[in-house]
Structure formats: structure tokens, C-alpha cells
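One structure below.
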Amino acid sequence: DEDMEGGGGSWTVADAQLSEARAGLRLYLGQLSEGEEALGHYSRGVSHLERCVAILEAVAPTEEEEGGADKAGGMEDEDEEEGDDLRAALTETKRQLCGAHCSVAELYLTDLCFDPEAEARCEKALTAALELDKGSQDGPPDALQGMANLRLSQGRGADALRCITDAYGRMRVGCEAMADLVGLGKEGADGDEVEEEQARELKEVEAANCLPGFEFRCQTAKILLECAASLHDASIKDGENESEPSKEREQGSFCTEAAVQVLGSLLAENDEVVEVWYLLGCAFAASRPANEDAARHHWQTALDMLLKVKEGLDQEASSDDEDDELKQQMEEVTGQIEEVKDKLAGLKDGKVDQTATADADMVES
């Protein structure tokens with residue numbers, strides 16, 4: 001890459017397009033890389049996108065400027081349309097830049113988590129992402145969820161709760177619509193007029209099509225369940241009376257119900273992922289009062305799927321008992337089977353684990 005410097009007067013739309021293209025290449029290479037190498041690509045991508053934003057801000061007329069020119073009779077339809085296109089491009093580029101900052105933050109939460117400055121640099125990247133996201137109601141929830149994840153790692157549960165609640169709010173309609181397909185969605189209000197119902201369904205279809213990816217939503221559900229567990233612990237510490245409503249209980253109930261909706265959307269998309277069934281069992285067990293029948297059903301389904309996976313691995317092992325990777329997979333599946341059996345045994349003994357979450361990813365069926 002060349003570093004291109006220049007004053008606002010010399011910037012053109014072509015310069016913005018070039019910077020965006022270079023950013024796209026760097027972000028793609030970042031996805032293919034790990035650790036410091038990935039950080040280098042993402043950082044260059046961020047620089048290119050920042051330059052692209054600066055150029056578009058310089059060349060794109062504001063709506064106020066456009067309105068003033070129109071009143072003065074100096075704005076042609078073509079110029080107005082070009083202004084709209086430039087503002088749309090600026091909005092989209094800011095979203096890309098927000099996502100690039102989130103990618104940097106994710107590196108410091110994973111590959112580079114042992115870096116001495118990991119926490120500070122992660123927070124800096126997420127703060128920059130949230131600044132770009134400020135005022136948005138329908139943008140991607142990446143920055144909010146990333147900050148929720150960071151706050152949880154810092155033990156700042158209240159801040160994490162606010163962030164993940166806002167993140168869920170951006171995908172709630174789509175998740176509920178998808179969850180409804182598998183019988184887990186919330187029931188609509190009674191007495192809706194036909195036209196209102198049709199409009200609602202159209203909105204839900206559009207929202208479902210705009211949902212974040214599968215793995216992202218799975219992480220959303222885990223954070224929601226972790227927040228619910230934190231709130232449950234806080235209520236116990238404060239000596240909460242189970243028969244009386246409290247802020248912590250209401251917030252915890254919201255988190256578990258939201259987790260069910262998110263997981264329901266995943267189940268509607270792919271019902272062969274063991275982890276989704278397991279996490280649904282955790283969510284129903286974490287409800288207050290616990291929905292033991294629903295927890296049992298989902299945990300039992302997860303167990304049946306894991307036993308089927310183990311059977312297939314046993315057959316492979318019978319023909320190749322020297323494969324270390326296969327042995328490791330068998331150990332992991334065996335451990336997961338025991339974990340689910342413990343959950344089911346707890347239900348049978350009347351000892352429901354209301355803070356249950358999945359720490360390890362489960363295999364796919």
C-alpha cells in the first residue's frame with residue numbers, strides 16, 4: 001500500500017473508492033490471518049477506511065447545504081441524487097469502519113489476549129466503534145456486543161447488561177420471528193387487525209433476513225445467560241426474598257427470555273447443532289421459576305445427539321486407533337456427555353442449576 005496524503009481540496013470520490021478498495025483487501029487478509037499478522041492487516045484496513053470517511057465527509061454535501069442550494073435555485077435533480085448517494089456511501093463506510101474496529105477488539109479478546117496492553121487496546125477499539133455507532137438504531141450490534149463481552153471479562157456486570165440489552169434490541173424482532181417457527185417465539189398481542197398483522201409479518205421477515213450470523217447470535221445467547229447468572233448471584237448475595245419481585249429478578253428474567261428467543265432463531269436456522277439444544281436447556285433451567293420440562297427436553301435431545309456422535313467416533317476408532325486427533329475428539333465428546341448427564345440428574349434430584357451456561361463449544365451432530 002501507498003500512504004496517500006492530501007488536503008481536502010484535492011480529494012475526489014475516486015480517492016475514496018481507492019481507499020475503500022484497499023481497506024477491503026486488508027480486512028480480507030486479516031480474516032485469513034492470526035495474531036499479530038491479522039492485527040497488522042486490520043490496522044491498515046482501519047487507516048484506509050478512516051481516510052475514506054474523511055474524504056466523503058469533505059465532498060458530500062450535508063442535507064442542510066443541499067436544502068439551502070435548492071431554495072436558492074442552484075440545485076439540479078442530478079446533483080441532489082449524487083448528494084444522496086455520497087451520504088449513503090458515507091454511512092456505509094462508517095459501518096465498515098465500525099466493524100473493522102470490532103475485529104481489532106476481538107483479536108485482543110482472543111489471539112492477543114495475553115498482550116500486556118490487551119485490555120486497554122481492546123477498550124480503545126470498542127470505544128472508537130461505539131462512537132461511530134452513536135445514534136444508530138438499526139446498525140449492526142457488533143460494537144455493543146463486543147463491549148458487553150469486555151465488560152463481563154472485567155467483572156462489570158451492570159455495564160455488560162446495558163450493552164447486551166441494547167445489542168439484543170437490534171435483533172429482537174428477527175429473533176422472535178425465527179423462534180416462532182420452532183414454537184419458541186413470543187405470542188403477539190390479541191385483537192390485531194388484519195392489515196396490522198400483515199405489516200408486522202412483513203417487518204419480521206425483513207428483520208429476520210438482516211440478522212447477524214449464526215456464531216454471533218450464539219455468542220449473544222451466552223452473554224445473556226452469563227448476565228442472568230450474574231444477576232442471580234447478586235440477588236442471593238443481597239438476600240432477596242424469592243416471593244417478592246426485584247430489579248435483579250426482572251432483569252434476569254429478561255436475559256433468559258431473550259436468550260431463548262436468540263437460540264430459537266438459531267434452532268430454526270439449523271437444528272443439528274448440539275450446543276444450541278444444550279444452551280436452550282440452560283436457558284430454561286435458568287428461568288425463575290425454572291421450566292424443568294423444557295430444560296429436560298432440550299438437554300435430553302442434546303444428549304441423544306452427543307451419543308450418536310460418540311457412536312460414529314467409536315466406529316472410526318475401531319479401524320484407526322492411532323489417530324491422536326480422533327482420540328482427543330472422543331475425550332471431548334465423552335466429557336460433554338457426562339456434563340449433560342449431570343444436568344439431567346440434577347433435574348431428577350430436584351437440584352436445578354439456575355446459573356448453568358456452556359463454557360465449551362459443543363460438537364455438531
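Put simply, the convex hull of the Cα atoms in the range 80-131 casts, on average, a shadow of 3.5 nm².
Phi angles across the range 203-212 convert, under the Karplus curve 6.51 cos²θ - 1.76 cosθ + 1.60 with θ = phi - 60°, into 3J(HN,Hα) values of 5, 5, 4, 4, 5, 5, 5, 9, 5, x Hz, Gly and Pro given as x. For the set LYS124, LYS186, LYS310, solvent exposure ranked by accessible area (probe 1.4 Å, protein chains only) runs largest to smallest as LYS124, LYS186, LYS310.
When the C-alpha to C-alpha distance is required to be over 23 Å, the pairs from LYS94/LYS203; LYS222/LYS341; LYS222/LYS343 that qualify are LYS94/LYS203. Sites listed here are GluC sites (Glu not before Pro) in the range 96-167 whose DSSP assignment is loop and whose Cβ has at most 14 other Cβ atoms within 10 Å: GLU117.
The values are calculated or read from the model by the stated rules, or taken from the named source; none is laboratory data. Being a predicted model, the structure only gives us computed values, none of them experimental. Positions of Cβ are generated from backbone atoms using ideal geometry, with glycine treated the same way; all protein chains shown enter the neighbour counts. Just so you know, the surface numbers come from the protein's heavy atoms only, side chains and all, with ligands and any DNA or RNA stripped out. Shrake-Rupley method; radii C 1.70, N 1.55, O 1.52, S 1.80 Å.
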